[in-house]
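The values are calculated or read from the model by the stated rules, or taken from the named source; none is laboratory data. Quantities reported herein were computed from a predicted structural model and do not represent experimental measurements. Because the Cβ atoms are built from the backbone with ideal geometry, glycine has one as well, and the counts that use them run over all protein chains shown.
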Amino acid sequence: MFRDALLVAGKDLRVEARSRVALNQVAPFALLVLILFAFALDPDSGVLDRATPGLYWIAVLFCALLAIQRAFAIEAADGNRDALRLSGLEPAGIYLGKMAAIAAQLAVLEILLGLGVVLLYGSHSSGWPLLICTCLAATAGIAAAGTLYGVLAAGLRVRETLLPLLLLPVLAPVLIGSTRAFEAARDGTPGEGWPWVGLLAVFALTYTIFGAFGFGPLLEES
Amino acid sequence: MEPVVHLRSAVSLLGRFPALAGVDLDVDPGEIVLLQGPNGAGKTTLLRTLAGLLPVVSGTAEVLGHDLRTDAKAVRRRVGLLGHATMLYDELTVADNVRFWARAAKARPADAEAAMVELGLDGRLRDVTVARLSAGQRRRAAIAVTVARRPELWLLDEPHAGLDAATRDVVDGLVRRAADAGATVVVASHELERATALAGRSVTIVGGVIEHAAESESRSEGQGQAASEPDAEPEVARVP
């Protein structure tokens, strides 16, 4: 299973490295979202500073939607989904591989967005261990749930519009948990943030287990 | 000797609708069978059913010793389906594609390299992304993937489509060598002259049902005298 996961993750990352969709389209989109938030919320009033953790994670969710749609668009083209079914790869391996590739792309985008927040909003934080653990757990959760809902929507004609409708409500706990943890890091009270990291880790683990078992039947139905 | 393909009154669904309406067919190990019929007759559906991609809802359907109704996944990893879609990633190079699908099928890296050489994809083309290939080159890459997987049952849907004459000969050679090595081949084609020369037997499907079976000239020449007379009608029989 893990061999298959490595194979699929390597393939998906190679597709991304050659097409550079995340770098040339998703990353500029993410930075644009940050800039528009800055225009909408006056930086001098303090609202922007208070809202920064939430804005950051909303931008991450928008990027995640694009990355997940892209991950399944490449399988929808030219019969590749049938090829995956015929390949002999373990469905759980395919799931974990696609999840890992999405998580890797999201991690890079989160670093870019973090730099954008520091440069554009002037934000700063001292709780680096909390920030890093929050990002790891939230990224795993978004990728785990996104991969599961991505394959669910992949077989439908309205997948581009359906995926956000299905996925964003599911990711609400991730948005809340990661925002609260970031706020705790910003305010210098990391002790209040760690329970939220625990929640994010449970969310990620739950969806990873569900996904490993549920991906195969969903791939058959899509 | 157990047949590689054994269908009796097999009915499969395409979506919610029956696509095969009770097919009877036996294919022996090492045999090359031509599947012919008009457009929409069910050739592609039959190949996809044999690959385990479409559900069989009634009748008997065994492929490579596995029951398609209960164990389709065990069949899939042992068949090579060359369909109308090339099943390649546009963003990856030819070599990336062939290696990925070969590794997925647990074939040796040497098999992937050999397949690319056999299909003439070992030079400049191996490092070209699939999106930049012509239709014929894409087809060659798709055939290379099928060959690299070293399947036990080859399911070829119009394998000569879009290929030049030289590459068609190469494909025919690959199919013959695979059959000589023990693989079984079911090929659907409208290029009857070429495909008949390749196949040992042909079956005709119409409206999702096998109507006729006939030994082709290439096989009959070595076995009987009916085909030695130019005007002789090929033997026609119900399948099985």
Q. For the range A:22-46, which residues satisfy the criterion of being within 14 Å of another protein chain (Cβ to nearest Cβ) and either of a type in the set (Gly, Ala, Ser) or under 20 Å from residue A:94 (Cβ atoms) (or both)?
A. A:22
(Q) Which of the numbered conditions does residue B:159 fail, given that it passes all the others? Conditions: (1) more than 14 Å from chain A (Cβ to nearest Cβ); (2) under 21 Å from residue A:15 (Cβ atoms); (3) within 21 Å of the chain's Cα centre (by Cα). (A) (2)
**Q.** Subset of the range A:77-95 (residues that are facing chain B (nearest Cβ under 7 Å) and either within 15 Å of residue A:10 (Cα to Cα) or not small (Gly, Ala, Ser) (or both))
**A.** A:78, A:80, A:82, A:85, A:86, A:89
(Q) With the requirement that a residue be within 8 Å of chain A (Cβ to nearest Cβ) and either over 17 Å from residue B:52 (Cα atoms) or among the hydroxyl-bearing types (Ser, Thr, Tyr) (or both), what does the range B:94-109 give you? (A) B:96, B:100, B:101, B:103, B:104, B:106
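Can you go through B:51, B:10, B:41, B:95 and tell me which one is outside the structural domain of residue B:129 (by TED's automatic domain parsing) and surrounded by fewer than 22 Cβ atoms within 10 Å (Cβ to Cβ)? Lay out the reasoning, then the answer.
Working: B:51 fails: surrounded by fewer than 22 Cβ atoms within 10 Å (Cβ to Cβ); B:10 fails: surrounded by fewer than 22 Cβ atoms within 10 Å (Cβ to Cβ); B:95 fails: outside the structural domain of residue B:129 (by TED's automatic domain parsing).
Residue meeting the stated conditions: B:41.
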Q. Since residue A:98 meets every condition but one in (1) at the interface with chain B (Cβ under 9 Å from one of its Cβ atoms); (2) among the basic types (Lys, Arg); (3) buried (at least 22 other Cβ atoms within 10 Å of the Cβ), which condition does it not meet?
A. (1)
**Q.** Positions within the range B:67-82 being buried (at least 19 other Cβ atoms within 10 Å of the Cβ) and small (Gly, Ala, Ser), in sequence order
**A.** B:72, B:80
Q: Could you list all residues from the range A:114-127 that are assigned to a helix (DSSP H, G or I) and touching a Leu at 6+ places or on another chain (Cβ under 7 Å)?
A: A:116, A:117, A:120, A:121
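Mind listing whichever residues of the range B:118-130 are of a type outside the set (A, V, I, L, M, F, W, C) and either under 23 Å from residue B:160 (Cβ atoms) or within 14 Å of another protein chain (Cβ to nearest Cβ) (or both)? Quick ask: steps written out before the conclusion?
To start, the set of residues in the range B:118-130 that are of a type outside the set (A, V, I, L, M, F, W, C) comprises B:118, B:120, B:122-124, B:126-127, B:129.
Those that are of a type outside the set (A, V, I, L, M, F, W, C) and either under 23 Å from residue B:160 (Cβ atoms) or within 14 Å of another protein chain (Cβ to nearest Cβ) (or both): B:118, B:120, B:122, B:123, B:126, B:127, B:129.
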Q: For the range B:63-83, state whether one or more residues are of a type in the set (A, V, I, L, M, F, W, C), facing chain A (nearest Cβ under 8 Å) and in contact with an Asp or Glu (Cβ under 9 Å, 6 or more places away or on another chain).
A: yes
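A quick yes/no check of all residues on (1) farther than 26 Å from residue B:189 by Cα; (2) modelled with pLDDT under 90; (3) crowded, with 16+ Cβ neighbours inside 10 Å; (4) β-branched (Val, Ile, Thr):
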position: B:84; (1), (2), (3), (4): no, yes, no, no
position: B:99; (1), (2), (3), (4): yes, no, yes, no
position: B:107; (1), (2), (3), (4): yes, yes, yes, no
position: B:113; (1), (2), (3), (4): yes, yes, yes, no
position: B:133; (1), (2), (3), (4): no, yes, yes, no
(Q) Exactly one of these conditions fails for residue B:115: (1) more than 13 Å from chain A (Cβ to nearest Cβ); (2) within 22 Å of residue B:139 (Cα to Cα); (3) more than 18 Å from the chain's Cα centre (by Cα); (4) of a type outside the set (Asp, Glu). Give me its number. (A) (3)
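Looking for whichever is without any contact (Cβ under 8 Å) to a residue 40 or more places away in the chain and over 14 Å from the mean Cα position of the chain (by Cα) here; the options are A:195, A:190. Which one fits?
A:195
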(Q) Being crowded, with 18+ Cβ neighbours inside 10 Å and at pLDDT 85 or above narrows it down to one residue among A:172, A:154, A:83; which is it? (A) A:83
